Amino acid sequence: MKTLLLALALMNPVEQLDWAVQRQVQHSRSPLLERPMRGLTDFGRPVNVLGGLLGIAILDRAAGPATVRLAVLALAATNLVVEGAKRAFFRARPDGEQKRSNASFPSSHAANAFALATVLARRWRRIAPAFWIWAAATAWSRVYLNRHYLSDVVVGAVVGIACAWWIAHWLGKRLEWKAAPA
């Protein structure tokens, strides 16, 4: 009971921050940013992500297939966590939409973008900042377009990074085990 009360007490400041950021962002929206923000959100559609991963597998013959395999496993784990959380928390979106299958918390766009950034930054370390900037911009586009609260995208980002890291760690251990002499 004490844990539940503590959790509820901690949620109030987060919820207040979510509402303050949402009001400020919606008040400050600019016609100049509408198209780029929608483009960032649309780039996260499954067909675009899978097309990009296919391109990596084809163009980077040295490590592309392994990178894509890691990305697909990381995205699968990320989406299992996100979809379970969406159904468990069932938070309405800032724009008022309330469907259990498409709840606001956590943001799957943010989770997927950060999972991919984690995998791609691991592969191409020199341009890692570009992947992190892209992921952050994608996550912010969801707040800007009034589809998520700040806490939705922050938790989504953490879930994506954690799942990608866990899958890379698990896969690395598994490959070490397979390669070990009998």
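Here are some notes:
- Taking the C-alpha atoms only, the angle from helix 31-43 to the longest principal axis of the chain is near 40 degrees.
- The range 66-159, relative contact order [Cα under 8 Å, separation at least 6], %: 33
- Over the chain, relative contact order from alpha-carbon pairs under 8 Å, at least 6 apart, %: 26
- Couplings 3J(HN,Hα) of the range 51-61, computed from phi: x, x, 5, 4, x, 5, 4, 7, 7, 10, 5 Hz, in residue order, whole Hz [Karplus 6.51 cos²θ - 1.76 cosθ + 1.60, θ = phi - 60°; x for Gly and Pro].
- FRET efficiency, residue 168 to residue 42 (Cβ-Cβ, R0 25 Å, nearest 0.05): 0.35
- Neighbour-limited loop hits for trypsin sites (Lys or Arg not before Pro), the range 88-121 (at most 14 other Cβ within 10 Å; DSSP other than H, G, I, E, B): 99
- Gyration tensor analysis over the Cα atoms of the chain returns equivalent ellipsoid semi-axes of 31, 22, 13 Å (largest first, whole Å).
- Amide H contacts under 5 Å for residue 148, placed H, 5+ residues apart: 143
Quick note: the coordinates plus some simple rules give every number you see, no bench work behind them. On a predicted model such as this, the values are computed, not experimentally measured, just so you know. Every residue, glycine as well, gets a Cβ built from its backbone with ideal geometry; the counts of neighbours run over all protein chains shown.
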